[in-house]
Amino acid sequence: MTAQIFNPTAAVAVTMTPSAIEHVRKQLKKNPEALGIRLAIRESGCSGFKYETQWVEESSKEDQIFHLDGVDVFVKTIHLPLVNGIEIDFVTAGVNSTFEFRNPNATAECGCGESFTVT
């Protein structure tokens, strides 16, 4: 058994594509109380974990904040080992638009893409 040590100050844990940054900026203009967007992880789905995004109106001392081209992304420190190195994209296919997460820590994803596993 090996132990992994995560040092949040030594890694850039979150990046966003230009389309994701543009989308979040537009949404923040509609919601002036929001400070930024939160990337959260919760146990769910057939693979174990699920990504959630939420608007942040108040930061917490448990938050790590990533400043990405004028957009602040909030991640709770306890979630950083699960998302270290993640890229958030915003994609449009036909009439549907959604965030897409490219997580190098995910070792498996469910068939519908709603949940992921890390080992």
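The values are calculated or read from the model by the stated rules, or taken from the named source; none is laboratory data. All values reported here derive from a predicted model rather than from experimental measurement. With ideal geometry, Cβ positions are generated from the backbone for all residues, glycine too; neighbour counts draw on all protein chains shown.
Can you work out which of the residues in the range 46-75 that are under 21 Å from Arg25 (Cα atoms) and charged (D, E, K, R) is surrounded by the fewest Cβ atoms within 10 Å (Cβ to Cβ)?
Filtering the range 46-75 for residues that are under 21 Å from Arg25 (Cα atoms) and charged (D, E, K, R), the one surrounded by the fewest Cβ atoms within 10 Å (Cβ to Cβ) comes out as Glu58.
Regarding the range 89-104, can at least one residue be identified that is in a strand (DSSP E or B) and in contact with a Lys or Arg (Cβ under 9 Å, 6 or more places away or on another chain)? Full working, then the answer.
Of all residues in the range 89-104, those in a strand (DSSP E or B) come to 89-93, 96-102.
Right, trim to in contact with a Lys or Arg (Cβ under 9 Å, 6 or more places away or on another chain) and you get 89.
Looking for residues that are in a strand (DSSP E or B) and in contact with a Lys or Arg (Cβ under 9 Å, 6 or more places away or on another chain), one finds at least one in the range 89-104, hence yes.
I'd like the full set of residues that are over 18 Å from Asp89 (Cβ atoms) and part of a helix (DSSP H, G or I), limited to the range 17-67.
Passing the criteria: Lys29, Lys30.
Which condition breaks for Val75 when tested against (1) touching a helix residue (DSSP H, G or I) at 6+ places or on another chain (Cβ under 7 Å); (2) farther than 14 Å from Leu35 by Cα; (3) among the aliphatic types (A, V, I, L, M)?
The failed condition is (2).
Quick one: Gly113 ticks every box in (1) surrounded by 15 or more Cβ atoms within 10 Å (Cβ to Cβ); (2) at pLDDT below 90 bar one, so which box is it?
The single condition Gly113 does not satisfy is (1).
Every residue in the range 36-45 that is surrounded by 12 or more Cβ atoms within 10 Å (Cβ to Cβ) and either under 26 Å from Ala108 (Cα atoms) or out of contact with any Leu (no Cβ under 9 Å at 6 or more places or on another chain) (or both), please.
Ile37, Arg38, Leu39, Ala40, Ile41, Ser44, Gly45
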